[in-house]
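See structure below.
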Amino acid sequence: MPETFDVAVIGAGPAGYVAAIRCAQLGLHVVCIDDWKDDAGKPRLGGTCLNVGCIPSKVLLESSENYERIQQNFPAHGITVQGLHLDIATMLARKEKISNTLTDGIAVLLRKNKVTLIHGRAALAGGGAPWMVAVVRDGADAQEIEAVHVIVATGSIPRQLPQIPVDHDRVVDNVGALNFKEVPKRLGIIGAGVIGMELGSVWRRLGSNVTLFQAHDTFLPSVDEQIAANALRIFSRQGLTFKRGVKFVSIKVSKKNVAIEFEDKDGISTQQFDKLIIAIGRVPNTAGLNAGKVGLKLDGNGYIDVDAHCRTSLPNIYAIGDVVRGPMLAHKGSEEGVAVAELIAGQASHVNYETIPWVIYTSPEIAWVGQTEQALKVAGVDYRKGTFPFSANGRAHALQETAGMVKVLADAKTDRILGVHIIGPFASELIQEAVVAMEFSASSEDIARIVHAHPSLSESFHEAALGVSNRAIHI
Ligand code: FAD
Ligand code: NAI
């Protein structure tokens, strides 16, 4: 007889493991099945985010920023360093150690919450509330379990460029891009999106000559246009080279290099690279899930089709995280996990998709929540805006990080904040005040009347809010 659970969660990334823990907190009998393992075959929890995504990329961003700061920022403080040396092996080992610590922490959390953990590949095997889930494990017989509810959290995988398969040597995806054993002298990146900007920044700071190829002419199209234009200027000044509106004529991989022949506004040219990163987006991962056989509906782009409460086309089967519509962000998946767990337990719960923050961890960082100015224009919304540059903020000067600005967009009639956009130091932390403000339907006047500590970067948000009604003090 198969063991019966209240809930089977497939996938232990930030969507799945959070859903499993929340289900267990609510008294449900939960199994979580995940198939991730490292190169040595050791199971690792946390999915893309902890193993090859959010965490390792941020660790390398921090290391590389330290390296660049010592060279570029320290002299102005009267600090000079001699004999500066870059030890990539130590840098990569630190990244692995942090990922390991955090993935091990998830195992502890699941154990503490009495979630049964199975390492293996799960597929929907029929039934219908209760559902049968078949699990294939390395070196063991296939196992079937029964679950009244199933939460699918199988995540996403990198989108492939048909002309040029990833060979994990010269041509890599996000996994290889986190593990170059030496700094590539010439690094090409196809896709100037979030991964391109973050990992391009890492290797540029460490000494690579980085060129980013973008098929479209736009740059970071989901970012507010004013902020994106600012970003393009700043990142170009830092030394990243952008080739936009590019058509590839040929991409040839040899033992020595990758040669890219491309056409852009300047005509046809060829460039050689030591490494090439492909970062042209990610696609939902439903391979091997048996979706077709059990009748689980996918949408036209291959995502599992869900309603606003993450309910799929099949009764008692939910799907969350990167495998469903919406931004591919860890915190979005986690919040869907919490909401679904609470729904299963009979509570009312939902995710407010209007207030999900985005952060791009470049330097300066880019962060935003809510509507962009271009979206408001298209929707014909009457709005007012206030902006404030970090060059007029005392703390930013102390930090030596004066590039960038804060922008607040508010409804012209009601003054309710509709969007906040930041490019600047610690934008990832600053944006959270804006998220709270929007979640509580704050107006720009509410923020203008809140006391902000001095000197702090948050004063720039305060000033931008004051700017909505043309009464910023320090500009
Ligand atoms: P995943 O994390 O992909 O986890 C899915 C899990 O399910 C995996 O362990 C997988 O092995 C397992 N699985 C799949 N199919 C099966 C099956 N049939 N049986 C059993 N197990 C299965 N997001 C942010 O919010 N902030 C960031 O800073 C950030 N940085 C990123 C940097 C990079 C380089 C990348 C690639 C992504 C980054 N992301 C970031 C995105 C973030 O990693 C994803 O949004 C997040 O991991 C999605 O979580 P998930 O649980 O839906 O899927
Ligand atoms: P992306 O969608 O951010 O960017 C892909 C870029 O590639 C786009 O600019 C697109 O125009 C371009 N492109 C698409 N097809 C192309 C082609 N054929 N040739 C050249 N350019 C092409 O995707 P990316 O960078 O791969 O990241 C995937 C996702 O992972 C992100 O959308 C995000 O959801 C998540 N992520 C989040 C991070 C964060 O929160 N800080 C960091 C990294 C990734």
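The values are calculated or read from the model by the stated rules, or taken from the named source; none is laboratory data. Keep in mind it's a predicted model, so treat the numbers as computed, not measured. Ideal geometry is used to build each Cβ from the backbone, glycine not excepted, and the neighbour counts take in all protein chains shown. Surface accessibility is based on the protein's heavy atoms, side chains included, excluding ligands, DNA and RNA. Shrake-Rupley method; radii C 1.70, N 1.55, O 1.52, S 1.80 Å.
Points worth noting:
- Only listed residue being closer than 16 Å to L329 by Cβ and assigned to a helix (DSSP H, G or I), chosen from I366, I431: I431
- Here segment 255-280 is the region considered, the condition is being free of Cβ contacts under 8 Å to residues at least 12 places away in the same chain and small (G, A, S), and the residue that is most open to solvent (accessible area, probe 1.4 Å) is S269.
- Subset of segment 111-127 (residues that are closer than 16 Å to A147 by Cβ and either polar (S, T, N, Q) or part of a helix (DSSP H, G or I) (or both)): T116
- Odd one out for D266, checked against (1) modelled with pLDDT under 95; (2) farther than 30 Å from V133 by Cβ; (3) within 14 Å of ligand 1 (Cβ to nearest atom): (3)
- Some residue of segment 93-103 being more than 16 Å from ligand 1 (Cβ to nearest atom), under 20 Å from I10 (Cα atoms) and either touching a residue at least 40 places away in the same chain (Cβ under 8 Å) or small (G, A, S) (or both): no
Condition check ((1) under 30 Å from T4 (Cβ atoms); (2) surrounded by fewer than 22 Cβ atoms within 10 Å (Cβ to Cβ); (3) more than 10 Å from ligand 2 (Cβ to nearest atom)) across all residues:
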{"site": "E146", "(1), (2), (3)": "yes, yes, yes"}
{"site": "H149", "(1), (2), (3)": "yes, no, yes"}
{"site": "G155", "(1), (2), (3)": "yes, no, yes"}
{"site": "V166", "(1), (2), (3)": "no, yes, yes"}
{"site": "L187", "(1), (2), (3)": "no, no, yes"}
{"site": "I190", "(1), (2), (3)": "no, no, no"}
{"site": "N209", "(1), (2), (3)": "no, yes, yes"}
{"site": "I227", "(1), (2), (3)": "no, no, yes"}
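- Taking the numbered list (1) under 20 Å from the mean Cα position of the chain (by Cα); (2) more than 30 Å from R121 (Cβ to Cβ); (3) more than 10 Å from ligand 2 (Cβ to nearest atom) in turn, Q214 passes all entries but (3).
- Considered as a group, the residues in segment 315-337 that are of a type in the set (A, V, I, L, M, F, W, C) and assigned to a helix (DSSP H, G or I) include one that is least open to solvent (accessible area, probe 1.4 Å), and that residue is V323.
- When P162 is tested against (1) free of Cβ contacts under 8 Å to residues at least 60 places away in the same chain; (2) surrounded by 23 or more Cβ atoms within 10 Å (Cβ to Cβ), just one condition goes unmet, and that condition is (2).
- Boolean, V59 is assigned to a strand (DSSP E or B) and within 13 Å of ligand 1 (Cβ to nearest atom): no
- Pairs, first farther than 20 Å from G245 by Cβ and modelled with pLDDT of 95 or more in segment 187-210, second among the β-branched types (V, I, T) and assigned to a helix (DSSP H, G or I), C-beta under 8 Å, six or more apart: L206/I88
Rundown of residues vs (1) charged (D, E, K, R); (2) within 13 Å of ligand 2 (Cβ to nearest atom), yes/no style:
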{"position": "V194", "(1), (2)": "no, yes"}
{"position": "S236", "(1), (2)": "no, no"}
{"position": "K265", "(1), (2)": "yes, no"}
{"position": "S269", "(1), (2)": "no, no"}
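- Test: residue in segment 282-304 that is within 16 Å of ligand 1 (Cβ to nearest atom), assigned to a loop (DSSP other than H, G, I, E, B), under 14 Å from the mean Cα position of the chain (by Cα) and within 30 Å of L60 (Cα to Cα): no
- Criterion (surrounded by 20 or more Cβ atoms within 10 Å (Cβ to Cβ) and over 23 Å from S99 (Cβ atoms)) met by exactly one of V9, V31: V31
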